[in-house]
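The values are calculated or read from the model by the stated rules, or taken from the named source; none is laboratory data. Quantities reported herein were computed from a predicted structural model and do not represent experimental measurements. Note: ideal-geometry Cβ built from the backbone for every residue, glycine included; neighbour counts use all protein chains shown.
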Amino acid sequence: MNDLPPDLPPDLARLRTVETFLALNLERVRAEIAKQEQLAAAPQRAVEVRPPAPEWLIEQLPSGRTTYVHAGDCWAAGKRAHGISREQARRALADGTEACPVCTPDTALGFVEG
């Protein structure tokens, strides 16, 4: 009595062919699984490699003139704002750049004119 399932061929040559076919397809399936796992992990990797948000921002007009110093998380900062260091923010305030009236970075920086 043959113990093979009814859908498998009974001879060795054809069984080897089926084996090769299944091995090749298993390799393709595993490659696709690896690809899908990479795609699923990509958003998390992007978050992990994202640089930290700047602590301070300075906003500039197209002419290059600075308008405001902002805290790094200020919602009022415009598209032309870019990150600066704490010392650069203090220096900009000392040089006359206005502090944003929304986030009041001058208070957070302990800046006192005079």
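For the stretch 44-60, the condition holds for no residue, the condition being that it is surrounded by 13 or more Cβ atoms within 10 Å (Cβ to Cβ), assigned to a helix (DSSP H, G or I) and of a type outside the set (A, V, I, L, M). The sole residue among Glu55, Glu27 that is touching a Gly at 6+ places or on another chain (Cβ under 9 Å) and of a type in the set (Asp, Glu) is Glu55. Within the set Ala76, Ala40, Ala34, the sole residue that is closer than 30 Å to Pro105 by Cα and within 30 Å of the chain's Cα centre (by Cα) turns out to be Ala76.
Filtering His70, His82 for residues that are at pLDDT 90 or above and surrounded by fewer than 17 Cβ atoms within 10 Å (Cβ to Cβ) leaves a single hit, His82. Only residues in the stretch 95-113 that are surrounded by fewer than 17 Cβ atoms within 10 Å (Cβ to Cβ) and among the charged types (D, E, K, R) count as the first member; pair them with residues that are at pLDDT below 85 and in a strand (DSSP E or B), Cβ under 9 angstrom, at least 6 apart or cross-chain, and list the lot. Pairs that qualify, where the first residue is surrounded by fewer than 17 Cβ atoms within 10 Å (Cβ to Cβ) and among the charged types (D, E, K, R) and the partner is at pLDDT below 85 and in a strand (DSSP E or B), are Asp95/Thr66; Glu98/Thr66.
Outside the structural domain of Ser85 (by TED's automatic domain parsing), of a type in the set (D, E, K, R) and more than 28 Å from Gly72 (Cβ to Cβ) - does that describe any residue in the stretch 36-48? So far as the stretch 36-48 goes, yes, one or more of its residues are outside the structural domain of Ser85 (by TED's automatic domain parsing), of a type in the set (D, E, K, R) and more than 28 Å from Gly72 (Cβ to Cβ).
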